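Student: Supplied in structure tokens, the structure appears directly below.
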Amino acid sequence: MMKLYNGKIILLGLAVFVGIVTFPFWFNMGKAAPAPVLKLDTPVIAKMPVKQCVRPTAFMKAGHMQLLNQWRDTVVRDNNRVAPDQAGVMREMSLSNTCMECHSNKTEFCDKCHNYVSVAPYCWNCHIQPKENS
Amino acid sequence: MLDKAISGSRTYYMWLAGLLGVIGVGFGCYLYQLTNGLGVTGLSRDVSWGFYIAQLTYLVGVAASGVMLVLPYYLHNHKVFGKITILGEFMAVAAIMMCGLFVLVDLGQPMRALNIILYPTPNSILFWDMLVLNGYLLLNLVIGWSVLQAETKGDTVEKWVKVLIYISIPFAISIHTVTAFLYAGLPGRHFWLTAIMAARFLSSAFCAGPAILLLIILFLRKAVKFEVKDEAVRSLAVIITYAMIINIFFLGLEFFTAFYSQIPGHMHSFIYLYKGLDGHGKLVPWMWASSILAVFCLALLIPPRFRRNEKLLPVALVSLVAATWIDKGLGLVVAGFIPNPLDHVTEYAPTLPELAISLGIYAIGALVVTVLYKIAVEVKKDALDHH
Amino acid sequence: MDKTRRNFLKVVGLAAAAGLVLKPAGKGFAMDLVRRVPEGAAPTDKALKAGRWAMVVDTKKFTDASREAVMEACRKAHNIPVMRDPRHALKWIWDENYENAFPEQMNEHIPEYQKKNKVLVMCNNCANPACVRVCPTKATFKRPDGIVMMDYHRCIGCRFCMAACPYGSRSFNFEDPRKSLTEIDPSYPTRTKGVVEKCNFCAERLARGMQPACVAACRNKELIFGDATDPKSEVSRILDERFNIRRRPELGTQPQVYYLT
């Protein structure tokens, strides 16, 4: 059997540590904000005969950041600027020019969800966000 | 062994608290720099590296200098260094940590720092600098700790630790060589484009580092009755003296090449440093102070009778540290950028936030050194009591 | 200290360390080793191609007004602000006195127009670029067509490239450049604070089949841009015919901006 020296102090310290680490969980218990519903009602999307993104919705929900990373590396580093979307149409791989052309409602489409999950992507430190009418 | 760091005198705690205060101020200033960008420093488009990178350069030297104790002890069985090699190793640990922090605060995008590892680029000297600095940090941590642990148990050092110690010797040379290569391989920066840059770095490191160490040893001897033989102090002073002479000799070589060849690009930075260029000469008084201090410290170090004088030795060492710090921690980096590639002169002076951040990093180094030395000194005292 | 406790802690520590190392490794941690590219990615149909892009600057043809027009076109096309503090200046293409652009060529007697007429300088997009050699993250790299590109997403702001560039062609964003921009062209991004930037021979325009903005702003063919590896290109023909100089050729960087004087 091992003996625990200074057991009281160690256990107390551990308890305080666990308390601090889990603070966000128990502090926010029962106060969860409802998941945001993203709006797709932009003028460009409204005019589309087939409402379809460059990739299937399920893929975009989970992996839009990876796709954007791939796009940016391909464009900047390989100078390949276009790639086929899921329908086989060549599209410019551009956040500002392709994504935001349809999703011109950045506050409703990007920010809402990013705020909800508390991430702050730095895309817009450099890329110009579209002007929103509202 | 860590418990030895948390039981000390009042003065010990006051010193730690003071350091924490300085670190706090430095950290606050860093947050200010992080929000506003490096524009809060004195850096510019023309002088794009300054105080931070200069401190990095100086401290790599301090870190490498531990080898001046390790090498004589382990390769030449110079027994009197046996008790103090640990101090050299622990100082290296603190110095390298400061180096890392100085690089980090100098980055424009510090949160992307890991890109150096994510996109490894062997053609960049900075990549190799990162590797050797971290390697040297790890080596010294493991070696220092193992040696000390062996001492608490009264054992001899284990074989694998010895192997690491032998590896650490060329590693020490490599960290300062690679750091010199950061500068010495850049086209168009005549002041840095010199084959003896690494040699100059090593010679200044091998006088300045041991000088700082010896000052600390003399302090520990007085303040906490840390036992160091006179012979150890004397042979360290001899090493420092030779290294400083070589350092000054190398600087002289640079002067010869620049001014005898009369190539403008080679002369300009020296003229800026010692005389001023196009009416700009902020560093001139500093450089002359450095020269005078260098001559002064050599005058005290070369004659054995002065060198062995316990009162004069600290004065000589402080002058030496100041002289080399001005040369390397102030002049060397800045002058490489003056004049700029378009023959314009833009001067540089660090700003208050920049100095506060630097001071904060030095305080972190002092904190690490204090804690590690505290442990080392106590362990050695215990060992004496037992035997 | 108690031996068993120490051994116990050692085992726990090692296990934790192993967990940290092994877990990410299993998930493909080194992202640059296998970079995934969107399937079917290609250049645009209109893209201009070259073996090695080069610029010719016909210094005699320039006037103060045409130089200013060229610089302004570049600032507009790339959202480059004019900084209040000259120490923080952001320069892609700018004018210098002849003696500053060519310090080693400054003779006691030179033609009057050379003394008076300023010279446009920019990134030389060197064929053997020192900046690319020193960059620790490949944030700056040389494309097969010779353009020395910046990947602003990857730049950590170490400024090694600025120390390495023998032409002073690189600028650093000491603060958020947007604070100093009066108008922004939404089709081209700005930069963020903490990254290095420079002229890229308008890679984004070449990709769309357009000449660089500075060349397009010339009325009188003051700037000529083309493929230096194609003997029939205008650039090659001019350089074959007329005496031309480059900035600091002795450094071996192989600058790709040629000056007619």
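The values are calculated or read from the model by the stated rules, or taken from the named source; none is laboratory data. Since the structure is predicted, the reported quantities are computational estimates derived from the model, not experimental observations. Note: ideal-geometry Cβ built from the backbone for every residue, glycine included; neighbour counts use all protein chains shown.
Student: Kindly indicate which of B:Ala383, B:Ala363, B:Ala322, B:Ala316 is more than 14 Å from chain C (Cβ to nearest Cβ), in a helix (DSSP H, G or I), at pLDDT 95 or above and farther than 27 Å from B:Met244 by Cβ.
Tutor: Only one candidate passes the filter, namely B:Ala363.
Student: Still on this structure: Given (1) closer than 14 Å to C:Pro189 by Cβ; (2) in a helix (DSSP H, G or I), where does A:Gln129 come up short, assuming only one miss?
Tutor: (2)
Student: Residues being facing chain B (nearest Cβ under 8 Å), within 16 Å of C:Ala203 (Cβ to Cβ) and of a type outside the set (D, E, K, R): count how many of those fall in the stretch C:133-154.
Tutor: Matching residues across the stretch C:133-154 total 1.
Student: Moving to a separate point now. Among the residues of the stretch C:110-126, is there at least one that is within 11 Å of chain B (Cβ to nearest Cβ), out of contact with any Gly (no Cβ under 6 Å at 6 or more places or on another chain), surrounded by fewer than 15 Cβ atoms within 10 Å (Cβ to Cβ) and not in a loop (DSSP other than H, G, I, E, B)?
Tutor: Scanning the stretch C:110-126, I find no residue that is within 11 Å of chain B (Cβ to nearest Cβ), out of contact with any Gly (no Cβ under 6 Å at 6 or more places or on another chain), surrounded by fewer than 15 Cβ atoms within 10 Å (Cβ to Cβ) and not in a loop (DSSP other than H, G, I, E, B), so the answer is no.
Student: Could I ask something else about it? Taking the criterion of being modelled with pLDDT under 95 and touching a Ser or Thr at 6+ places or on another chain (Cβ under 7 Å), would at least one residue in the stretch C:100-114 satisfy it?
Tutor: yes
Student: Ok, one more. Under the condition of being polar (S, T, N, Q) and outside any helix (DSSP H, G or I), which residue from the stretch B:120-177 is farthest from the chain's Cα centre (by Cα)?
Tutor: B:Thr156
Student: For the stretch B:337-348, indicate whether the set of residues that are under 25 Å from B:Gly26 (Cα atoms), in contact (Cβ under 8 Å) with a residue 40 or more places away in the chain and either surrounded by fewer than 19 Cβ atoms within 10 Å (Cβ to Cβ) or of a type outside the set (S, T, N, Q) (or both) is non-empty.
Tutor: Yes, some residue in the stretch B:337-348 is under 25 Å from B:Gly26 (Cα atoms), in contact (Cβ under 8 Å) with a residue 40 or more places away in the chain and either surrounded by fewer than 19 Cβ atoms within 10 Å (Cβ to Cβ) or of a type outside the set (S, T, N, Q) (or both).
Student: Still on this structure, I have one more. When you check B:Val67 against the structure, is it closer than 15 Å to B:Ile175 by Cβ and β-branched (Val, Ile, Thr), yes or no?
Tutor: Against the criterion (closer than 15 Å to B:Ile175 by Cβ and β-branched (Val, Ile, Thr)), B:Val67 qualifies.
Student: With part of a loop (DSSP other than H, G, I, E, B), surrounded by fewer than 10 Cβ atoms within 10 Å (Cβ to Cβ) and within 14 Å of chain C (Cβ to nearest Cβ) as the only criterion, which of A:Lys3, A:Lys31 stands out?
Tutor: So the residue among A:Lys3, A:Lys31 that is part of a loop (DSSP other than H, G, I, E, B), surrounded by fewer than 10 Cβ atoms within 10 Å (Cβ to Cβ) and within 14 Å of chain C (Cβ to nearest Cβ) is A:Lys3.
Student: Additional query: Would you confirm whether any residue within the stretch A:84-97 is surrounded by 14 or more Cβ atoms within 10 Å (Cβ to Cβ), in a strand (DSSP E or B) and more than 9 Å from every other protein chain (Cβ to nearest Cβ)?
Tutor: Yes, that holds for at least one residue.
Student: Residues to consider are C:Lys179, C:Lys198, C:Lys193; find the one that is within 14 Å of chain B (Cβ to nearest Cβ) and within 16 Å of the chain's Cα centre (by Cα).
Tutor: Step by step, each of C:Lys179, C:Lys198, C:Lys193 is checked, and only C:Lys198 is within 14 Å of chain B (Cβ to nearest Cβ) and within 16 Å of the chain's Cα centre (by Cα).
Student: Same structure again: Out of (1) touching a Leu at 6+ places or on another chain (Cβ under 9 Å); (2) of a type in the set (Lys, Arg); (3) more than 11 Å from chain C (Cβ to nearest Cβ), what's the single condition that is false for A:Arg72?
Tutor: Of everything listed in (1) touching a Leu at 6+ places or on another chain (Cβ under 9 Å); (2) of a type in the set (Lys, Arg); (3) more than 11 Å from chain C (Cβ to nearest Cβ), A:Arg72 misses just condition (3).
Student: Do we have any residue at all in the stretch C:61-73 that's more than 22 Å from C:Leu223 (Cα to Cα) and of a type outside the set (Lys, Arg)?
Tutor: Within the stretch C:61-73, the first condition is being more than 22 Å from C:Leu223 (Cα to Cα), and the residues that meet it are none.
For the stretch C:61-73, residues more than 22 Å from C:Leu223 (Cα to Cα) and of a type outside the set (Lys, Arg): absent.
Student: Can you find a residue that is among the small types (Gly, Ala, Ser) and either farther than 28 Å from B:Glu310 by Cβ or touching a Ser or Thr at 6+ places or on another chain (Cβ under 8 Å) (or both) anywhere in the stretch B:216-227?
Tutor: no
Student: Determine whether the stretch B:343-351 contains at least one residue that is within 14 Å of chain C (Cβ to nearest Cβ) and in a helix (DSSP H, G or I).
Tutor: At the first step, the residues of the stretch B:343-351 found to be within 14 Å of chain C (Cβ to nearest Cβ) are B:343-351.
Filter again for in a helix (DSSP H, G or I), leaving none.
No, that holds for no residue.
Student: In addition: Out of the residues in the stretch C:48-78 meeting the condition of being outside any helix (DSSP H, G or I) and under 26 Å from B:Tyr119 (Cβ atoms), tell me which one is nearest to the other protein chains (Cβ to nearest Cβ). Even if it seems obvious, please write down each step before you answer.
Tutor: We begin by selecting, within the stretch C:48-78, every residue outside any helix (DSSP H, G or I); these are C:48-58, C:62-63.
From the residues that got through so far, the ones that are under 26 Å from B:Tyr119 (Cβ atoms) too are C:52-53.
Details: C:Arg52: 14, C:Trp53: 12 Å.
Looking at residues that are outside any helix (DSSP H, G or I) and under 26 Å from B:Tyr119 (Cβ atoms), I get C:Trp53.
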